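**Q** Can you read through this structure? Questions will come right after.
The values are calculated or read from the model by the stated rules, or taken from the named source; none is laboratory data. Note that the structure is a prediction, hence the values are computed from the model and not measured. As a convention, Cβ positions derive from the backbone with ideal geometry for all residues, glycine included, and neighbour counts pool all protein chains shown. Heads up: the accessible areas ignore ligands, DNA and RNA and are worked out on the full protein's heavy atoms, side chains in. Shrake-Rupley method; radii C 1.70, N 1.55, O 1.52, S 1.80 Å.
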Amino acid sequence: MAYSDHDGNVYDYPGLEPAFRTGKRFVGLDAGDLIKLPFGSYLFSLPGRLPVYREAEGGGFRSIDRRQGVPMLAASAFLASGYLRTHLPAFVKTAGAPVLPMWAYAGVAISGNDFLVPAIRIDEDPRSDPAIHRNDEELAQAVSTALIKFPGNRLVAQLSRCSTDYRCLCARNFFLQRHEAPVPSSPSCNSSCVGCLSRQENGAPFPASQPRLDFLPTPEEISEVIVSHFQAVDAAVASFGQGCEGEPLLRGNNLAAAVRMVRERTGRGTININTNGSLPEMVSLLIDSGIDSIRISLNSPSRQYYEKYYRPSGYGFDDVRRSVGIAIERGVFVSLNLFFLPGFTDMETEALSLMRFLDDFPVNMVQARNLNIDPDYYLEFIGFEESDPLGIPVLLDMIREKRPGIILGYYNPPRERFGAVQN
Ligand code: SF4
(Lines give C-alpha, C1' and ligand atoms only; values in the text may rest on other atoms or scores of the structure.)
Protein backbone atom coordinates (compact mmCIF):
# COMPACT_ATOMS: atom_id res chain seq x y z
CA MET A 1 0.00 0.00 0.00
CA ALA A 2 1.10 3.59 -0.71
CA TYR A 3 0.17 6.44 1.58
CA SER A 4 1.20 10.01 2.24
CA ASP A 5 2.11 12.07 5.27
CA HIS A 6 0.72 15.55 5.82
CA ASP A 7 3.75 17.09 4.06
CA GLY A 8 2.98 15.30 0.83
CA ASN A 9 5.70 12.67 1.08
CA VAL A 10 4.57 9.30 -0.26
CA TYR A 11 5.64 6.05 1.43
CA ASP A 12 5.09 2.33 1.08
CA TYR A 13 3.67 0.32 3.98
CA PRO A 14 5.29 -3.10 3.72
CA GLY A 15 2.92 -5.88 4.67
CA LEU A 16 -0.26 -3.99 3.82
CA GLU A 17 -1.87 -5.04 0.55
CA PRO A 18 -3.09 -2.06 -1.48
CA ALA A 19 -6.80 -1.57 -2.12
CA PHE A 20 -8.43 0.24 -5.02
CA ARG A 21 -11.91 1.51 -5.82
CA THR A 22 -14.48 1.23 -8.58
CA GLY A 23 -17.66 3.29 -8.19
CA LYS A 24 -18.26 3.12 -4.45
CA ARG A 25 -16.71 -0.35 -3.99
CA PHE A 26 -13.26 -1.31 -2.67
CA VAL A 27 -11.47 -4.02 -4.61
CA GLY A 28 -8.15 -5.80 -4.60
CA LEU A 29 -6.08 -6.09 -7.80
CA ASP A 30 -3.35 -8.39 -9.08
CA ALA A 31 0.08 -7.15 -10.10
CA GLY A 32 -0.91 -7.86 -13.70
CA ASP A 33 -3.59 -5.16 -13.50
CA LEU A 34 -0.97 -2.51 -12.73
CA ILE A 35 1.64 -0.70 -14.80
CA LYS A 36 4.61 1.46 -13.79
CA LEU A 37 3.64 5.08 -13.17
CA PRO A 38 4.09 6.77 -16.59
CA PHE A 39 6.75 9.44 -16.85
CA GLY A 40 5.39 12.91 -16.22
CA SER A 41 2.51 11.73 -14.00
CA TYR A 42 1.88 13.39 -10.63
CA LEU A 43 1.39 12.03 -7.12
CA PHE A 44 -1.13 13.59 -4.73
CA SER A 45 -1.87 13.33 -1.05
CA LEU A 46 -5.63 13.43 -0.47
CA PRO A 47 -6.63 15.80 2.34
CA GLY A 48 -9.19 14.48 4.85
CA ARG A 49 -8.94 10.96 3.46
CA LEU A 50 -7.47 7.86 5.13
CA PRO A 51 -5.82 5.10 3.09
CA VAL A 52 -7.54 1.73 2.86
CA TYR A 53 -5.78 -1.64 2.64
CA ARG A 54 -6.93 -5.16 2.01
CA GLU A 55 -6.72 -7.54 4.94
CA ALA A 56 -4.52 -10.56 4.40
CA GLU A 57 -7.04 -12.75 6.20
CA GLY A 58 -10.56 -12.69 4.85
CA GLY A 59 -9.86 -10.12 2.15
CA GLY A 60 -11.89 -7.40 3.85
CA PHE A 61 -10.98 -3.71 3.64
CA ARG A 62 -9.83 -1.48 6.49
CA SER A 63 -8.72 2.13 6.78
CA ILE A 64 -5.69 3.18 8.78
CA ASP A 65 -4.92 6.62 10.22
CA ARG A 66 -1.49 6.39 11.84
CA ARG A 67 1.89 4.70 11.52
CA GLN A 68 4.13 4.80 14.55
CA GLY A 69 2.08 7.74 15.76
CA VAL A 70 2.47 9.71 12.52
CA PRO A 71 -0.87 10.66 10.88
CA MET A 72 -1.45 9.21 7.40
CA LEU A 73 -3.34 10.35 4.34
CA ALA A 74 -4.42 8.47 1.26
CA ALA A 75 -2.25 8.87 -1.85
CA SER A 76 -3.27 9.07 -5.49
CA ALA A 77 -1.77 9.43 -8.96
CA PHE A 78 -2.67 11.73 -11.86
CA LEU A 79 -1.67 10.01 -15.07
CA ALA A 80 0.19 11.52 -17.98
CA SER A 81 -1.84 12.03 -21.17
CA GLY A 82 -2.61 9.01 -23.27
CA TYR A 83 -3.27 6.74 -20.27
CA LEU A 84 -6.68 5.61 -19.06
CA ARG A 85 -7.08 4.74 -15.39
CA THR A 86 -9.03 1.57 -14.57
CA HIS A 87 -9.47 2.17 -10.81
CA LEU A 88 -9.76 5.03 -8.33
CA PRO A 89 -7.79 5.39 -5.09
CA ALA A 90 -9.35 3.67 -2.06
CA PHE A 91 -9.91 5.93 0.90
CA VAL A 92 -12.27 6.71 3.74
CA LYS A 93 -13.23 10.34 4.26
CA THR A 94 -12.86 11.90 7.71
CA ALA A 95 -15.26 14.52 9.08
CA GLY A 96 -14.97 17.84 7.26
CA ALA A 97 -12.98 16.39 4.35
CA PRO A 98 -12.77 19.06 1.62
CA VAL A 99 -13.99 18.47 -1.93
CA LEU A 100 -10.96 17.67 -4.07
CA PRO A 101 -9.87 19.95 -6.93
CA MET A 102 -10.41 18.93 -10.55
CA TRP A 103 -7.94 16.19 -11.30
CA ALA A 104 -8.48 12.60 -12.46
CA TYR A 105 -7.52 10.62 -9.34
CA ALA A 106 -6.14 7.13 -9.93
CA GLY A 107 -5.10 4.50 -7.40
CA VAL A 108 -1.39 3.98 -6.68
CA ALA A 109 0.70 1.26 -5.04
CA ILE A 110 4.41 0.60 -4.54
CA SER A 111 6.57 -2.40 -5.44
CA GLY A 112 10.28 -2.16 -4.74
CA ASN A 113 11.31 1.26 -6.07
CA ASP A 114 8.41 1.54 -8.47
CA PHE A 115 5.08 3.30 -8.21
CA LEU A 116 2.41 1.19 -9.86
CA VAL A 117 -0.98 2.36 -11.15
CA PRO A 118 -4.16 0.67 -12.45
CA ALA A 119 -4.03 2.04 -15.98
CA ILE A 120 -3.84 1.27 -19.69
CA ARG A 121 -2.00 3.16 -22.41
CA ILE A 122 -4.97 3.96 -24.68
CA ASP A 123 -3.18 5.97 -27.40
CA GLU A 124 0.41 5.56 -28.66
CA ASP A 125 0.45 9.00 -30.26
CA PRO A 126 3.27 10.93 -28.53
CA ARG A 127 1.89 14.47 -28.97
CA SER A 128 1.30 15.10 -25.27
CA ASP A 129 3.95 12.84 -23.81
CA PRO A 130 5.70 14.86 -21.10
CA ALA A 131 9.00 13.47 -22.37
CA ILE A 132 8.74 15.57 -25.57
CA HIS A 133 7.77 18.71 -23.66
CA ARG A 134 10.97 19.24 -21.69
CA ASN A 135 12.04 22.13 -23.95
CA ASP A 136 11.13 25.48 -22.38
CA GLU A 137 14.04 27.33 -23.97
CA GLU A 138 13.19 26.09 -27.44
CA LEU A 139 9.57 26.99 -26.77
CA ALA A 140 10.43 30.52 -25.60
CA GLN A 141 12.38 31.07 -28.80
CA ALA A 142 9.55 29.72 -30.94
CA VAL A 143 6.98 31.89 -29.15
CA SER A 144 8.92 35.08 -29.70
CA THR A 145 9.45 34.20 -33.37
CA ALA A 146 5.69 33.67 -33.82
CA LEU A 147 4.79 36.89 -31.98
CA ILE A 148 7.07 38.82 -34.35
CA LYS A 149 5.66 36.95 -37.39
CA PHE A 150 2.02 37.59 -36.41
CA PRO A 151 1.94 41.08 -34.84
CA GLY A 152 -1.55 42.03 -33.79
CA ASN A 153 -2.91 38.49 -33.97
CA ARG A 154 -4.61 38.24 -30.58
CA LEU A 155 -5.06 34.50 -30.95
CA VAL A 156 -1.31 33.95 -31.25
CA ALA A 157 -0.86 36.14 -28.16
CA GLN A 158 -3.47 34.03 -26.32
CA LEU A 159 -1.75 30.80 -27.32
CA SER A 160 1.59 32.16 -26.13
CA ARG A 161 0.04 32.57 -22.64
CA CYS A 162 -1.57 29.13 -22.85
CA SER A 163 1.72 27.49 -23.80
CA THR A 164 3.71 29.11 -21.01
CA ASP A 165 1.47 30.16 -18.09
CA TYR A 166 -1.04 27.29 -18.42
CA ARG A 167 1.46 24.74 -19.85
CA CYS A 168 -1.08 23.71 -22.47
CA LEU A 169 0.68 20.96 -24.44
CA CYS A 170 -1.45 21.60 -27.52
CA ALA A 171 -0.47 25.29 -27.54
CA ARG A 172 3.18 24.27 -27.10
CA ASN A 173 2.83 22.04 -30.16
CA PHE A 174 1.56 24.98 -32.21
CA PHE A 175 4.69 27.01 -31.50
CA LEU A 176 6.94 23.98 -31.86
CA GLN A 177 5.25 23.25 -35.21
CA ARG A 178 4.15 19.68 -34.68
CA HIS A 179 1.01 17.56 -34.20
CA GLU A 180 -2.23 19.37 -33.20
CA ALA A 181 -2.78 23.13 -32.81
CA PRO A 182 -5.54 24.49 -30.55
CA VAL A 183 -7.85 27.19 -31.93
CA PRO A 184 -9.98 28.61 -29.11
CA SER A 185 -12.63 31.08 -30.21
CA SER A 186 -15.62 31.20 -27.85
CA PRO A 187 -15.83 32.95 -24.46
CA SER A 188 -19.39 31.75 -23.83
CA CYS A 189 -21.06 28.37 -23.47
CA ASN A 190 -24.59 26.98 -23.49
CA SER A 191 -23.71 24.23 -21.02
CA SER A 192 -22.69 24.55 -17.38
CA CYS A 193 -20.75 21.38 -16.78
CA VAL A 194 -20.15 20.48 -13.15
CA GLY A 195 -16.49 19.85 -13.99
CA CYS A 196 -15.93 22.71 -16.41
CA LEU A 197 -12.20 23.43 -16.52
CA SER A 198 -12.56 27.02 -17.67
CA ARG A 199 -15.51 28.34 -15.67
CA GLN A 200 -16.82 27.58 -12.20
CA GLU A 201 -19.70 29.42 -10.54
CA ASN A 202 -19.16 31.49 -7.42
CA GLY A 203 -19.39 29.21 -4.46
CA ALA A 204 -18.33 26.15 -6.44
CA PRO A 205 -16.25 23.81 -4.24
CA PHE A 206 -13.24 23.96 -6.58
CA PRO A 207 -11.71 26.62 -8.82
CA ALA A 208 -11.58 26.50 -12.62
CA SER A 209 -8.25 25.14 -13.84
CA GLN A 210 -7.53 28.01 -16.22
CA PRO A 211 -9.17 31.31 -17.14
CA ARG A 212 -11.52 31.37 -20.10
CA LEU A 213 -10.77 33.22 -23.30
CA ASP A 214 -12.09 36.78 -23.00
CA PHE A 215 -12.18 38.02 -26.62
CA LEU A 216 -13.65 37.00 -29.99
CA PRO A 217 -10.92 36.03 -32.47
CA THR A 218 -11.82 37.08 -36.01
CA PRO A 219 -12.01 34.64 -38.93
CA GLU A 220 -8.83 36.28 -40.22
CA GLU A 221 -6.93 35.70 -36.96
CA ILE A 222 -8.22 32.10 -36.82
CA SER A 223 -7.38 31.21 -40.40
CA GLU A 224 -3.91 32.74 -40.06
CA VAL A 225 -3.11 30.41 -37.15
CA ILE A 226 -4.47 27.33 -38.93
CA VAL A 227 -2.80 28.03 -42.29
CA SER A 228 0.59 28.64 -40.66
CA HIS A 229 0.30 25.34 -38.78
CA PHE A 230 -0.79 23.38 -41.85
CA GLN A 231 1.98 24.84 -43.99
CA ALA A 232 4.64 23.96 -41.42
CA VAL A 233 3.46 20.52 -40.24
CA ASP A 234 2.80 17.26 -42.10
CA ALA A 235 -0.33 15.34 -41.03
CA ALA A 236 -1.28 18.36 -38.94
CA VAL A 237 -4.49 18.82 -37.00
CA ALA A 238 -6.09 22.11 -35.92
CA SER A 239 -8.92 21.92 -33.42
CA PHE A 240 -11.68 24.29 -32.38
CA GLY A 241 -13.01 23.66 -28.85
CA GLN A 242 -10.34 23.86 -26.15
CA GLY A 243 -10.18 23.71 -22.37
CA CYS A 244 -9.72 27.47 -22.15
CA GLU A 245 -12.96 28.40 -23.90
CA GLY A 246 -16.72 27.84 -23.97
CA GLU A 247 -18.66 26.22 -26.81
CA PRO A 248 -17.29 26.84 -30.35
CA LEU A 249 -20.62 26.13 -32.09
CA LEU A 250 -21.85 29.42 -30.62
CA ARG A 251 -19.40 31.04 -33.05
CA GLY A 252 -20.35 28.71 -35.90
CA ASN A 253 -20.77 31.40 -38.56
CA ASN A 254 -17.34 32.90 -37.85
CA LEU A 255 -15.68 29.49 -37.73
CA ALA A 256 -17.28 28.51 -41.03
CA ALA A 257 -15.91 31.71 -42.60
CA ALA A 258 -12.47 30.92 -41.18
CA VAL A 259 -12.57 27.34 -42.51
CA ARG A 260 -13.44 28.61 -45.98
CA MET A 261 -10.52 31.06 -45.79
CA VAL A 262 -8.17 28.22 -44.83
CA ARG A 263 -9.36 25.98 -47.64
CA GLU A 264 -8.92 28.81 -50.16
CA ARG A 265 -5.24 28.88 -49.21
CA THR A 266 -4.35 25.24 -48.52
CA GLY A 267 -5.73 21.73 -48.86
CA ARG A 268 -3.29 20.41 -46.24
CA GLY A 269 -4.15 19.43 -42.68
CA THR A 270 -7.19 18.24 -40.75
CA ILE A 271 -9.70 20.75 -39.41
CA ASN A 272 -11.44 19.34 -36.36
CA ILE A 273 -14.00 20.67 -33.91
CA ASN A 274 -14.31 19.55 -30.28
CA THR A 275 -17.84 20.39 -29.20
CA ASN A 276 -20.76 19.64 -26.92
CA GLY A 277 -22.82 19.02 -30.07
CA SER A 278 -25.62 21.29 -28.91
CA LEU A 279 -26.46 23.01 -32.27
CA PRO A 280 -27.07 20.51 -35.11
CA GLU A 281 -27.61 23.29 -37.68
CA MET A 282 -24.19 24.75 -36.90
CA VAL A 283 -22.68 21.29 -37.24
CA SER A 284 -24.16 21.12 -40.75
CA LEU A 285 -22.88 24.59 -41.60
CA LEU A 286 -19.35 23.71 -40.49
CA ILE A 287 -19.40 20.48 -42.48
CA ASP A 288 -20.53 22.50 -45.53
CA SER A 289 -17.60 24.88 -44.95
CA GLY A 290 -15.08 22.05 -45.00
CA ILE A 291 -14.24 20.64 -41.57
CA ASP A 292 -12.82 17.10 -41.68
CA SER A 293 -13.71 15.73 -38.27
CA ILE A 294 -15.82 16.35 -35.19
CA ARG A 295 -15.49 15.22 -31.60
CA ILE A 296 -18.59 15.33 -29.42
CA SER A 297 -18.13 15.15 -25.65
CA LEU A 298 -20.24 13.09 -23.26
CA ASN A 299 -19.91 12.22 -19.58
CA SER A 300 -22.54 9.55 -20.22
CA PRO A 301 -24.58 8.12 -23.14
CA SER A 302 -27.61 8.20 -20.79
CA ARG A 303 -29.92 11.22 -20.88
CA GLN A 304 -30.41 11.46 -17.11
CA TYR A 305 -26.67 11.57 -16.32
CA TYR A 306 -25.84 13.74 -19.33
CA GLU A 307 -28.33 16.43 -18.39
CA LYS A 308 -27.39 16.34 -14.70
CA TYR A 309 -23.74 16.93 -15.56
CA TYR A 310 -23.96 19.31 -18.54
CA ARG A 311 -26.91 21.35 -17.26
CA PRO A 312 -27.69 22.41 -20.83
CA SER A 313 -29.25 25.79 -21.59
CA GLY A 314 -31.38 26.15 -24.71
CA TYR A 315 -30.63 22.64 -25.97
CA GLY A 316 -31.08 19.05 -24.81
CA PHE A 317 -29.67 15.55 -25.19
CA ASP A 318 -31.74 14.99 -28.37
CA ASP A 319 -29.90 17.87 -30.05
CA VAL A 320 -26.58 16.23 -29.22
CA ARG A 321 -27.81 12.94 -30.67
CA ARG A 322 -28.98 14.76 -33.80
CA SER A 323 -25.56 16.36 -34.22
CA VAL A 324 -23.85 12.96 -34.04
CA GLY A 325 -26.34 11.59 -36.58
CA ILE A 326 -25.83 14.48 -39.00
CA ALA A 327 -22.04 14.19 -38.81
CA ILE A 328 -22.13 10.43 -39.49
CA GLU A 329 -24.58 10.91 -42.35
CA ARG A 330 -22.41 13.64 -43.89
CA GLY A 331 -19.37 11.37 -43.81
CA VAL A 332 -16.98 13.39 -41.67
CA PHE A 333 -14.82 11.50 -39.15
CA VAL A 334 -16.82 11.34 -35.91
CA SER A 335 -15.39 10.77 -32.43
CA LEU A 336 -17.13 10.45 -29.10
CA ASN A 337 -15.11 12.06 -26.33
CA LEU A 338 -16.27 9.93 -23.41
CA PHE A 339 -15.20 10.97 -19.91
CA PHE A 340 -14.42 7.77 -18.01
CA LEU A 341 -14.93 7.28 -14.29
CA PRO A 342 -14.22 3.71 -13.07
CA GLY A 343 -17.29 2.04 -11.62
CA PHE A 344 -19.64 4.47 -13.39
CA THR A 345 -18.72 4.37 -17.11
CA ASP A 346 -18.20 0.60 -17.00
CA MET A 347 -21.11 -0.29 -14.75
CA GLU A 348 -23.59 -2.65 -16.38
CA THR A 349 -26.38 -0.12 -16.99
CA GLU A 350 -23.99 2.46 -18.47
CA ALA A 351 -22.21 -0.11 -20.61
CA LEU A 352 -25.52 -1.24 -22.10
CA SER A 353 -26.52 2.36 -22.65
CA LEU A 354 -23.26 2.92 -24.54
CA MET A 355 -23.83 -0.18 -26.68
CA ARG A 356 -27.28 1.13 -27.62
CA PHE A 357 -25.77 4.53 -28.42
CA LEU A 358 -23.19 2.88 -30.69
CA ASP A 359 -25.99 0.90 -32.37
CA ASP A 360 -27.77 4.16 -33.14
CA PHE A 361 -24.60 6.06 -33.98
CA PRO A 362 -21.74 3.99 -35.47
CA VAL A 363 -19.01 6.55 -34.80
CA ASN A 364 -15.45 6.16 -36.09
CA MET A 365 -13.68 6.60 -32.76
CA VAL A 366 -14.18 6.65 -29.02
CA GLN A 367 -11.70 8.88 -27.23
CA ALA A 368 -11.47 7.49 -23.72
CA ARG A 369 -10.50 10.24 -21.29
CA ASN A 370 -10.27 10.37 -17.54
CA LEU A 371 -12.89 12.61 -15.96
CA ASN A 372 -11.15 15.28 -13.87
CA ILE A 373 -13.29 15.59 -10.78
CA ASP A 374 -13.65 14.47 -7.15
CA PRO A 375 -15.33 11.06 -7.61
CA ASP A 376 -17.61 11.34 -4.58
CA TYR A 377 -18.72 14.84 -5.51
CA TYR A 378 -19.47 13.74 -9.08
CA LEU A 379 -21.37 10.56 -8.20
CA GLU A 380 -23.52 12.38 -5.71
CA PHE A 381 -24.15 15.29 -8.08
CA ILE A 382 -25.39 13.14 -10.95
CA GLY A 383 -27.58 10.94 -8.72
CA PHE A 384 -25.51 7.80 -9.27
CA GLU A 385 -27.62 4.60 -9.31
CA GLU A 386 -25.02 1.89 -8.93
CA SER A 387 -24.97 -1.34 -10.93
CA ASP A 388 -22.27 -4.00 -11.13
CA PRO A 389 -18.98 -2.74 -12.59
CA LEU A 390 -17.79 -4.77 -15.57
CA GLY A 391 -14.25 -3.38 -15.52
CA ILE A 392 -12.78 -0.80 -17.89
CA PRO A 393 -10.83 -3.38 -19.96
CA VAL A 394 -14.04 -5.40 -20.37
CA LEU A 395 -15.92 -2.32 -21.53
CA LEU A 396 -13.20 -1.53 -24.07
CA ASP A 397 -13.48 -5.10 -25.39
CA MET A 398 -17.25 -4.72 -25.63
CA ILE A 399 -16.80 -1.58 -27.75
CA ARG A 400 -14.30 -3.37 -30.03
CA GLU A 401 -16.70 -6.30 -30.42
CA LYS A 402 -19.68 -4.05 -31.04
CA ARG A 403 -17.86 -1.96 -33.63
CA PRO A 404 -14.86 -3.90 -35.01
CA GLY A 405 -13.64 -0.97 -37.16
CA ILE A 406 -13.76 1.56 -34.38
CA ILE A 407 -10.64 3.43 -33.16
CA LEU A 408 -10.15 3.54 -29.40
CA GLY A 409 -7.76 6.28 -28.44
CA TYR A 410 -7.25 9.63 -26.80
CA TYR A 411 -6.29 12.19 -29.47
CA ASN A 412 -7.88 13.63 -32.62
CA PRO A 413 -6.19 11.77 -35.47
CA PRO A 414 -5.02 13.48 -38.65
CA ARG A 415 -7.04 12.39 -41.68
CA GLU A 416 -4.04 10.36 -42.80
CA ARG A 417 -4.93 8.04 -39.91
CA PHE A 418 -8.72 8.05 -40.16
CA GLY A 419 -8.72 4.49 -41.40
CA ALA A 420 -6.05 3.14 -39.05
CA VAL A 421 -7.40 0.94 -36.24
CA GLN A 422 -4.66 1.21 -33.61
CA ASN A 423 -6.08 -0.88 -30.76
S1 SF4 B 1 -19.19 22.38 -22.66
FE2 SF4 B 1 -17.03 22.81 -22.18
S3 SF4 B 1 -16.87 25.01 -21.87
FE4 SF4 B 1 -19.04 24.46 -21.77
S5 SF4 B 1 -19.44 24.19 -19.59
FE6 SF4 B 1 -18.95 22.19 -20.46
S7 SF4 B 1 -16.73 21.95 -20.16
FE8 SF4 B 1 -17.22 24.11 -19.88
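**Q** What aspartates and glutamates could a cross-link reach from residue 308, if we take a straight Cα to Cα line under 20 Å and drop same-chain neighbours fewer than 8 places away?
**A** 201, 247, 318, 319, 346, 348, 350, 374, 376, 380, 385, 386
**Q** Across the stretch 379-394, in residue order, what do the Karplus-derived ³J(HN,Hα) couplings come to in whole Hz, using 6.51 cos²θ - 1.76 cosθ + 1.60 with θ = phi - 60° and x for Gly and Pro?
**A** 4, 5, 5, 8, x, 3, 10, 5, 9, 4, x, 8, x, 4, x, 5
**Q** Considering only the other residues whose Cβ falls under 15 Å of the Cβ of residue 398, what net charge follows from Lys and Arg at +1 and Asp and Glu at -1?
**A** With Lys, Arg at +1 and Asp, Glu at -1, the net is -3.
**Q** Quantify how much of the Cα-Cα distance distribution of the stretch 72-182 extends past 17 Å, in percent.
**A** The share of Cα pairs beyond 17 Å in the stretch 72-182 comes to 65 percent.
**Q** Using only Cα atoms, tell me the angle between helix 154-164 and the longest principal axis of the chain; keep it within 0 to 90° and round to the nearest 10.
**A** 20 degrees
**Q** Can you give the net charge of the other residues whose Cβ lies under 11 Å from the Cβ of residue 210, counting K and R as +1 and D and E as -1?
**A** Charge balance near residue 210 sits at +2.
**Q** Under a Cβ-Cβ cut-off of 14 Å, what is the net charge of the residues other than residue 162 that fall near it, where Lys and Arg count +1 and Asp and Glu count -1?
**A** +1
**Q** Separate question: What percent do you get for the relative contact order of the chain when only Cα pairs under 8 Å and 6+ apart count?
**A** Computed over the chain, the figure is 14 percent.
**Q** Among 52, 327, 233, flag the residue with its Cα farthest along the positive direction of the charge dipole of the chain, charges on Cβ as +1 for Lys/Arg and -1 for Asp/Glu.
**A** Going by the charge dipole, the pick is 233.
**Q** Separate question: In the stretch 194-285, which GluC sites (Glu not before Pro) fall in coil by DSSP and have 16 or fewer other Cβ atoms within 10 Å?
**A** 201
**Q** Let me ask another. Using the Karplus curve 6.51 cos²θ - 1.76 cosθ + 1.60 with θ = phi - 60°, what ³J(HN,Hα) values do you get for each residue of the stretch 174-191, in whole Hz, with x for Gly and Pro?
**A** With coefficients 6.51, -1.76 and 1.60, one gets 4, 5, 8, 6, 7, 6, 10, 9, x, 10, x, 8, 10, x, 10, 9, 9, 10 Hz.
**Q** For a quick check: with amide H placed at 1.01 Å from N, whose amide H comes under 5 Å from residue 168's, ignoring anything fewer than 5 positions away on the same chain?
**A** 163
**Q** Here is a further query. Return one number: the angle in degrees, 0 to 90 and rounded to the nearest 10, between the long axis of the Cα atoms of helix 252-265 and the longest principal axis of the Cα atoms of the chain.
**A** On a 0 to 90 degree scale, this one is about 60.
**Q** Now, a different point. Compare the peptides 40-51, 286-297 by average per-residue count of other Cβ atoms within 10 angstrom and give them in order, highest first.
**A** The peptides rank, most packed first, as 286-297, 40-51.
**Q** Here's something else I'd like to know. Quick check on the chain: helices-only [θ] at 222 nm, where DSSP H runs of length 4 and up contribute -39,500 (n - 2.57) each and the sum goes over total residues. Nearest 500, please.
**A** After summing the helix terms and dividing by residue count, I get -9000 deg cm²/dmol.
**Q** Size of the stretch 2-121 along its principal axes in angstrom, Cα-based, largest extent first?
**A** The Cα atoms of the stretch 2-121 stretch 38, 33, 29 Å along their principal axes.
**Q** Something else about it: Ignoring ligands, DNA and RNA, what percent of the accessible area of the stretch 130-417 is carbon or sulfur (1.4 Å)?
**A** In the stretch 130-417, the share of accessible area belonging to carbon and sulfur is 49 percent.
**Q** Same structure again: About the Cα centre, and with charges only on the beta carbon of Lys, Arg (+1) and Asp, Glu (-1), how big is the dipole of the stretch 60-191? Nearest 20 debye, please.
**A** Magnitude of the dipole: close to 380 debye.
**Q** Just the isolated ones, please: cysteines in the chain lacking another cysteine beta carbon under 4.7 angstrom.
**A** Unpaired cysteines in the chain: 170, 189, 244.
**Q** Would you mind getting the accessible area per residue of the stretch 130-417, heavy atoms of the protein chains only, 1.4 Å probe, in Å²?
**A** Accessible surface, normalised per residue, equals 38 Å².
**Q** Give me Rg/Rg_expected for the stretch 290-390, where Rg uses Cα atoms only and Rg_expected = 2.2 N^0.38 Å with N residues.
**A** After normalising by residue count via 2.2 N^0.38 Å, the value is 1.08.
**Q** Could you tell me how far the Cα centroid of the stretch 100-136 sits from the Cα centroid of the stretch 279-333, in Å?
**A** Here the two parts' Cα centres lie 30 Å apart.
**Q** Considering the stretch 190-330, what Rg and Dmax in Å follow from its alpha-carbon atoms?
**A** 15.7, 47
**Q** Along each of the three principal axes of the Cα atoms of the chain, give the extent in whole Å, ordering the values from largest to smallest.
**A** Extents along the principal axes: 70, 49, 42 Å.
**Q** Given +1 on the Cβ of Lys and Arg, -1 on the Cβ of Asp and Glu, and no further charges, what dipole in debye does the stretch 130-417 carry about its Cα centre, rounded to the nearest 20?
**A** Roughly 880 debye for the stretch 130-417.
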